[in-house]
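Quick notes on the structure that follows.
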Amino acid sequence: MNKTLTYIKTKFFSSPVDAFLTISISYLIYITIPPLIDWMFIKATFAGESKKECVAGGACWIFVKTWFNRFLYGMYPNEEVWRINLPFVFLVVSIVAYRFLNEKLKKHLFLFLTIPFPILALMLFSGGFLGLEQVDTREWGGLFLTLVISIFAIIFCFPLGVLLAMGRRSNLPVIRYFSIGFIEFWRGVPLITVLFMAGVMFPLLLPSGTNMDKLVRVIIAITLFEAAYMAEVVRGGLQAVGRGQYDASKAIGMGYWKSHIFIILPQALKLVIPGIANTFIALFKDTPLVFVVGLLEILGMVNLAKTNPAWLGMATEGYVFVALVYWIFCFAMSRYSLSIERKLKTTN
Amino acid sequence: MSFFQNHLEKIDQFLNDHPKVKFLLPQAILIVLVVSIISYFSFNASSNLSARGINTGFGFLSNKASFDIQFSLIEFDSSMSYGRAYLVGLLNTILVSVIGILFATILGFVFGILRLSSNPLASGLATCYIELFRNISLLLQIFFWYFTVLRLLPQAENSIVLFDVIYANIKGIYFPKFIWTNLNLFIYGLIFTFIAIYLFNSYANRLRENTGKTLPQFLISIIILIILPTLVFFIFGVEVDFAHPKLETRMGIANFIGGSSIIPEFLALAFALSLYTSTFIAENVRAGILGIDKGQKEAAASIGLTNTQVLRLIVIPQALRIIIPPTTNQYLNLTKNSSLAAAIAYPDIVLVFAGTALMQTGRAIEIVTITMLTYLTLSITISVFMNWYNKKVSLTER
Amino acid sequence: MSAIIQLKDVNKWYGDFHVLKDINFEVSEKEKVVICGPSGSGKSTLIRCINRLEEHQKGEIVVDGMTLDENTKNISAIRSEVGMVFQQFNLFPHLSILENCTLAQIWVKKKTKKESETLAMEYLNKVQISDQSHKFPGQLSGGQQQRAAIARALCMEPKIMLFDEPTSALDPEMIKEVLDVMVDLAKGGMTMCVVTHEMGFAKEVADRVVFMDEGNIVEAKKTKDFFENPENDRTKLFLSQIL
């Protein structure tokens, strides 16, 4: 008993400032947490069909329930939703099963997932062949859209970023200055102006009459933007790889590309896994900005829903829901990257 | 596979035998590529624009804007030019960025240091704060403040009143407008005050070096800061009058007339930017303080310096070297993130210029170019400053 | 000679790990004591307890008549009499060598800039790096840095100097220059407590040698006796490995 008392005294009350902190923070917790739990769970309404049934005074989760499909799929026709579910389920299953496969299968699965699979999935989403109804990209939305944009941008911005990082360190002056200019340009402007450019200005740069799909333009814009940030992260890794590695690979006769692909990059990338993960997470969190070109991903859908006359005043519930979804994804991504980091450390 | 490999080997061999080609060819290819792409775009752009009857050129900047801006630091109305509208947007961007940077820095240092506290409640609170506001999308935070928190404020008739002169309601915060007489004298007084504080501190430092005596510099500086401007105020006939905001009902809608106001859009943006960026600064501060070798503090303690002296003379000077570069980066990010103002219609440069002005004039290329150049200029200025600062304070090594 | 450092039944734990076990140890004025032992034996911890860089949980430590406890006034007073030299030098990298030496004189002893610089140059001269006084630690070699660190500690004019493996982080060529300074200091009459593996130094300068292992003082004898007639088996083993 004495031990606990001394522990409390030294940890929480060791000085007047400390005591003040303890008391004020405890008070803060007292006035915020119980009302929050009250609102979110105890007084909340979970079952029902319309806003009228939310009378308990807490959160009206009926709002989220009713709009759930919209939040998830945007304006995608309800009957065709299986075309979205199928590839995503496959993706999740592959990621989970990945660790249980042998080396050869792992390699094949990885290659499949990064190149043919996205294209097939995209075709399935759009439809327009084999009797599948065509669904214009304008109707894609919600979490589905968030994931489509994020996944495609991630797949493309990574190799581009690596190339830019290598270009920035190149001995060929034209390539080096181009890379520096490219990187600093995209890093110096806000993403919103980039999307503005993609939405409004870019069509002017194409021959009149050609219509590049808005979603494609957006993905290209985000890819180029994030590639610049990725380039800086990878550059840090390349710089950290000891000079000796470059020398050694040259000494055994490997050229520029071979030495980078087989020796330098594997080490460099391993060093900056946290930085790469952070860039992916930032990309994911940047997707809501596509509202400026009229695309409605999950946050955009919530904003749309809350203006519906039957559901006014539900902003808080919607935002809490979206915050939760984002938090889950970001948390999962950072955990996954930590596990990759750990795994690669042991095989070192 | 083997077919490709064979040919790749042959190309590789050729390039290795002709080093000049190896050096020049990739660069030539890149130049050709870039030039062709740019020409392609330019050609398309000019034909598209002429087809729509839109000219290019920056003359439109002196045309009448024909729209009002809700919030402006300088005088603006719809009869003024697009150029002036750009200026208004720019000033609004700078305003929200500066305020955001100020509070983000304060909060960042507070929570960064709190995170290192040995009090589990304090460090736990700091950790929760950082994890919460860092991982939620900034746009979501802006929406949350704007649509949820600020909507909770009452209607104009039931405003929250502070100190009898400040009114907070759903349309904004209204406070008395300062009407100055002899403002320039007061500003001279302020400048004089700062010079006086600087001179006093130099004197105090020299005194300490020559006689070892220390003066309570901080306390005296604060006293000067308070007394001198007050003296200037009374002696030189500087006057300040207030135009109080008054509640008037027009057409059944109650509003505050007169006085100055801060619109809720500004508040939401400023709150969100400050909190979001402060989490990154907090992590930088923590890294800075942790980055100081334990041995430094031990050596300082072993020669008799008190805890405060150790912090002030040894830890903080070294920690700042670690903290400042990434923090300057965050300031830059904050400035760029202020462009999210478009989401809640705060009239920053993106909304005013790349939004409204662009829609009205159709001069997409000129306007987007000017906007992006503005941000680029800000970025490069901050980068240059950071490089200069880094060089100046880098620890002299062999 | 009266005892200027006294440790009575001192015990210390790191969590569950018992790092110092019933230490009874005394140092007289002007005495030079060398403490040696395998790593993890607690020797560094021992001397770090003397200037309260580590806290002991049980027992009593008295330095120059003042008892060492939580009383901060006592701790400050004791620290101004006890100088310490670290294995990693710990010079302040953002200050010049001269400023490293004058800092505490100005802020703790409230001396004028001129006085502190004069004294600093005196000691920098003594350790033979007065020509480096305006350089920064990053520009000096390891040996030069450690000598500067010794000068810094001496500028506070302590009665006791503690050394925590002062040469362990140095390249072999630089060990001698630091040991020479320490020998000089010893001959000048300073009370010294040195944790080191340099047995040559011990033989030349130490009055007593203390061997520690696993938190205990295993053997403590006058230098000559220690090397010629070690009693304990562990001491013998250690000496055979190190000499």
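Please state the relative contact order of the stretch C:49-99 as a whole percent: Cα pairs under 8 Å, 6+ residues apart?
Here the relative contact order equals 25 percent.
Please report, to one decimal in angstroms, the Kirkwood hydrodynamic radius of chain A built from all distinct Cα-Cα pairs.
Result for chain A, one decimal place: 24.0 Å.
Give me D for the stretch A:1-44 in µm² s⁻¹, whole number, from Stokes-Einstein with Rh from the Kirkwood sum over alpha-carbon pairs, 25 °C and 0.890 mPa s.
The calculation lands on 202 µm²/s.
Determine the relative contact order of chain A: mean sequence separation of Cα pairs under 8 Å and six or more apart, normalised by residue count, in whole percent.
Values: 326 pairs, mean separation 64.2, N = 348.
It rounds to 18 percent for chain A.
Give me the orientation-averaged projected area of the Cα convex hull of the stretch A:1-105, in nm², one decimal.
For the Cα atoms of the stretch A:1-105, the hull's average projected area reads 15.1 nm².
Could you give the length gained on full extension between B:F14 and B:Q155, defined as 0.36 nm per residue of separation minus the Cα-Cα distance, in nm?
42.9 nm
Regarding the stretch C:30-129, what whole-number volume in Å³ per residue does the convex hull of its Cα atoms give?
Each residue corresponds to 159 Å³ of Cα convex hull volume.
How high is the FRET efficiency from B:K64 to B:I380, r the C-beta distance, R0 41 Å, rounded to 0.05?
0.80
Applying 1/(1 + (r/R0)^6) with R0 = 35 Å to the Cβ-Cβ distance of C:A77 and B:D293, what FRET efficiency is obtained, to the nearest 0.05?
0.85
Going through the stretch A:123-209, which GluC sites (Glu not before Pro) have at most 15 other Cβ atoms within 10 Å and a DSSP loop state?
For GluC sites (Glu not before Pro) across the stretch A:123-209 that sit outside H, G, I, E and B with at most 15 neighbouring Cβ atoms in 10 Å, the list reads A:E133.
If a helix is a whole DSSP H run, which ones in chain B reach 20 Å or further along their own axis (Cα) and hold a mean Kyte-Doolittle hydropathy of at least -1.0?
B:2-17, B:19-51, B:82-115, B:120-135, B:183-211, B:217-235, B:264-290, B:316-337, B:364-393
Set the Förster distance to 35 Å, then compute FRET efficiency between B:D164 and B:M251 from the Cβ-Cβ distance, nearest 0.05.
Working: r = 28 Å, r/R0 = 0.80.
That gives a FRET efficiency of 0.80.
How big, in percent, is the set of alpha carbon pairs in chain C lying more than 32 Å apart?
That tail contains 20 percent of the Cα-Cα pairs.
Other chains' Cβ within 10 Å of B:131-143 residues: what's the mean?
Counting Cβ atoms of other protein chains within 10 Å of each residue's Cβ and averaging gives 5.
Evaluate Rg over Rh across the stretch B:169-294, taking Cα atoms for both radii and Kirkwood's formula for Rh.
1.16
What Kirkwood radius, in Å to one decimal, follows from the Cα pairs of the stretch A:55-200?
When all Cα pairs of the stretch A:55-200 are included, the Kirkwood radius is 18.9 Å.
Would you kindly work out the equivalent ellipsoid of the stretch C:18-62 from its C-alpha gyration tensor and give its semi-axes, the square roots of five times the eigenvalues, largest first in whole Å?
Over the Cα atoms of the stretch C:18-62, the semi-axes work out to 17, 15, 10 Å.
Counting other Cβ atoms within 10 Å, keep those with at most 12, restrict to DSSP loop, and tell me which chymotrypsin sites (Phe, Trp or Tyr not before Pro) in the stretch C:29-129 are left. Walk me through the numbers before you get to the answer.
Values: sites: C:F86, C:F89, C:W107, C:Y123; in loops: C:F86, C:F89.
Taking the stretch C:29-129 and a limit of 12 other Cβ atoms within 10 Å, no loop chymotrypsin sites (Phe, Trp or Tyr not before Pro) are found.
With a ≥ b ≥ c taken as the square roots of the eigenvalues of the C-alpha gyration tensor of the stretch A:274-333, please select rounded if a/c is under 1.5 and otherwise prolate if a/b is larger than b/c or oblate if it is not?
Note, shape of the stretch A:274-333 comes out oblate.
Hey, what's the Kirkwood Rh for the protein assembly as shown if you take every pair of different alpha carbons, in angstrom?
Computed over Cα pairs of the protein assembly as shown, the Kirkwood hydrodynamic radius comes out at 34.4 Å.
With label points built 7 Å along Cα→Cβ from the Cα atoms of A:I23 and C:D233, find their separation and express it in nm.
6.1 nm
If the label point is 7 Å along Cα→Cβ of B:K391, which residues in the stretch B:308-339 have backbone nitrogen under 17 Å from it?
B:325
Can you give the translational diffusion coefficient of chain B in µm²/s, computed by Stokes-Einstein from the Kirkwood radius over Cα pairs at 4 °C and 1.567 mPa s?
For these conditions, the coefficient is 48 µm²/s.
Amide H of C:G59: which non-local residues (sequence gap of 5 or more, or other chain) have their own amide H closer than 5 Å, using H built in the peptide plane?
Here the answer is C:N11, since their amide H atoms fall under 5 Å of that of C:G59.
In a shell of Cβ-Cβ distance under 9 Å around B:A122, excluding B:A122 itself, what net charge do Lys and Arg (+1) and Asp and Glu (-1) give?
0
Mind giving me the nanometre distance, one decimal, between the label points for A:V81 and C:V62, set 7 Å out from Cα along Cα→Cβ?
So the two model labels end up 8.3 nm from each other.
Between A:N211 and C:Y14, with labels modelled 7 Å along Cα→Cβ, what's the label distance in nm to one decimal, could you check?
In this crude spin-label approximation the distance works out to 7.1 nm.
No lab work stands behind these numbers, since they all come straight from the coordinates. None of the values given here were measured: they were computed from a predicted structure. So basically every Cβ, Gly included, is an ideal-geometry build from the backbone, and we count neighbours across all protein chains shown.
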